[in-house]
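Take a look at the structure below.
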Amino acid sequence: MPSSASVSRRTSLKLLGAIAGTSIADRALAQVGSAVSTPRSLEVSTAPSLLWNAPGPLVALPQKVPLIQLTDRPVQLETPRHYFATPRTPNAAFFVRWHLPFHPRSVDLDAFRLRIEGHVQRPLSLRFADLLRDFKPQTAVAVNQCAGNSRGRFSPRVPGSQWGHGAMGCAEWTGVRLRDLLQRAGLQPGALSVQLAGLDRGAGPEGYGSSAYLKSLVIDSDMIDEAIVAYAMNGEPLPLLNGFPLRIVLPGYFATYWVKALSVLRVLSAADENFWTKTAYRIPATPDGSTTPEAIQEGKVKLVPIGRMPVRSFIVSPIGDDFGKLPVGLPVIVRGQAFSGHDRITRVEVSIDEGRTFAAATLGEDQGRYAFRPFSFRFTPSQPGRIVLCVRASDGKGNRQGDSAIWNPGGYLWNRIERQEVSIGAI
Ligand SMILES: Nc1nc2c(c(=O)[nH]1)N[C@H]1C(S)=C(S)[C@@H](COP(=O)(O)O)O[C@H]1N2
Ligand SMILES: [Mo]
């Protein structure tokens, strides 16, 4: 018979696991050590996170406010929830994700060149200042979202950073159209794709021998038309951790294509065989990109490169139970952001009865097709108790968020309807 102390410890650990996902529970387990029986603790540590953000510590790196640390080498930082109260994410609060440990710690603009090479008529080597002076600026307000944003929700759990919802941000990006740069260099006949290379280096995933982060865009595609080589973010130089001095911005598409610290555009005349383009970032070729572990194990699932971001919406406030009750009889304003990589947001709906019925929210300013679209929804609770709020968005292409949990081995594309439980108390 276990002692009553260890039973209650176990119960509270279980609770911790349920509300906080794995890390807090794991840390707590490490503290209590052998007092906890192993099988149960393993049960706890595979539960998906229900927290809005990953539960990591806050760290402050150069040019950044304190952000949630997922890993330190390479740096991966998540943006805390409250920064999404506004439709533009401040540069200093913008999330950070690198794959390779040696990302630039400084870049000397005098020495820096953007090279355009490969299957072109005139290879170019451009200075930062050339981009500002010799090309027409192009601006877009757009969401940069990691393909694995919200991976911590996956059940069963998949490998990779266990992000909460904060691996995304929306900024105004300014730079030069990729098409204009390619036109200046002149494509040779047979040019197929453009490989994008950054300054970061290091051992990639074991066994793949990939020491540079390389992505390719097919030349004959809308991707090339929309891509910007950005030198400014919200009107300022990019923070070093977000790709100073130049990065690719590809509005509507997942961040995997938004190559940071961009230094080479290499025009290819054959398919790109490198790991990051050919093998990584693939999703099941099903309508919603979802499949099952069994189907993957049986090797039956056709995989295709990831592309545009599915429609999503997030409640940013109120933030729920642990932070005090909302008074009965006084209005509550539910606020948040919605976006889609397919088209502009046309409708956001909020439910105050856990998704049984929805009513239209008020949309804020439209800053661009692929930008955050703020929404607000006002209601007055008439009795004390618990309410589960839900939010779902629709875009101009007729896509609407559904309520099923996505699963795929990469942990990509999560866009399930979000819930926020709140407590209503008597005044
Ligand atoms: N050079 C380089 N660019 C990169 C990456 C990288 O590892 N190296 N990661 C990509 C991925 S997967 C993401 S999610 C975004 C993150 O952009 P951010 O750090 O500015 O938020 O950068 C993209 N661009
Ligand atoms: Mo990512």
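Kirkwood analysis of the Cα pair distances in the chain returns a hydrodynamic radius of 23.1 Å. Taking the 1.4 Å solvent-accessible surface of the chain as the whole, the part contributed by carbon and sulfur is 54%. Sorting Ser340, Ser269 by solvent-accessible area of protein heavy atoms yields Ser269, Ser340, largest first, with a 1.4 Å probe. Annotation note: GluC sites (Glu not before Pro) in region 158-264 located in DSSP loop regions with a Cβ neighbour count of at most 12 within 10 Å are Glu206. When only Cα pairs under 8 Å and 6 or more residues apart are kept, what is the percent relative contact order across region 201-252? Once divided by the residue count of region 201-252, the mean separation gives 26 percent.
Between 0 and 90 degrees, the angle of helix 4-20 with respect to the longest Cα principal axis of the chain falls at about 40 degrees. For the chain, the solvent-accessible area with a 1.4 angstrom probe is 45 square angstrom per residue. Accessible surface ranking for Asp180, Asp108, Asp220, 1.4 angstrom probe, highest first: Asp220, Asp108, Asp180. Spatially close Lys pairs in the chain, defined by Cα atoms under 20 Å apart and a spacing of eight or more places or different chains, total 6. Roughly how many whole Å is it from the C-alpha centroid of region 186-260 to that of region 68-134? Using only Cα atoms, the two centres lie 10 Å from each other. Projecting label points 7 angstrom from Cα along Cα→Cβ for Leu132 and Thr279 puts them 4.1 nm apart. So for region 109-250, Kirkwood radius off the Cα pairs, Stokes-Einstein at 20 °C and 1.002 mPa s: how many µm² s⁻¹? Using the Kirkwood radius from Cα pairs, D works out to 127 µm²/s.
Over all other residues within a Cβ to Cβ distance under 14 Å of Glu236, the charged ones net out to +2, with Lys and Arg as +1 and Asp and Glu as -1.
The values are calculated or read from the model by the stated rules, or taken from the named source; none is laboratory data. All values reported here derive from a predicted model rather than from experimental measurement. Please note: Cβ atoms are built from the backbone with ideal geometry, for glycine as well, and neighbour counts cover all protein chains shown. Ligands, DNA and RNA are excluded from the accessible area calculation, which covers all protein heavy atoms including side chains. Shrake-Rupley method; radii C 1.70, N 1.55, O 1.52, S 1.80 Å.
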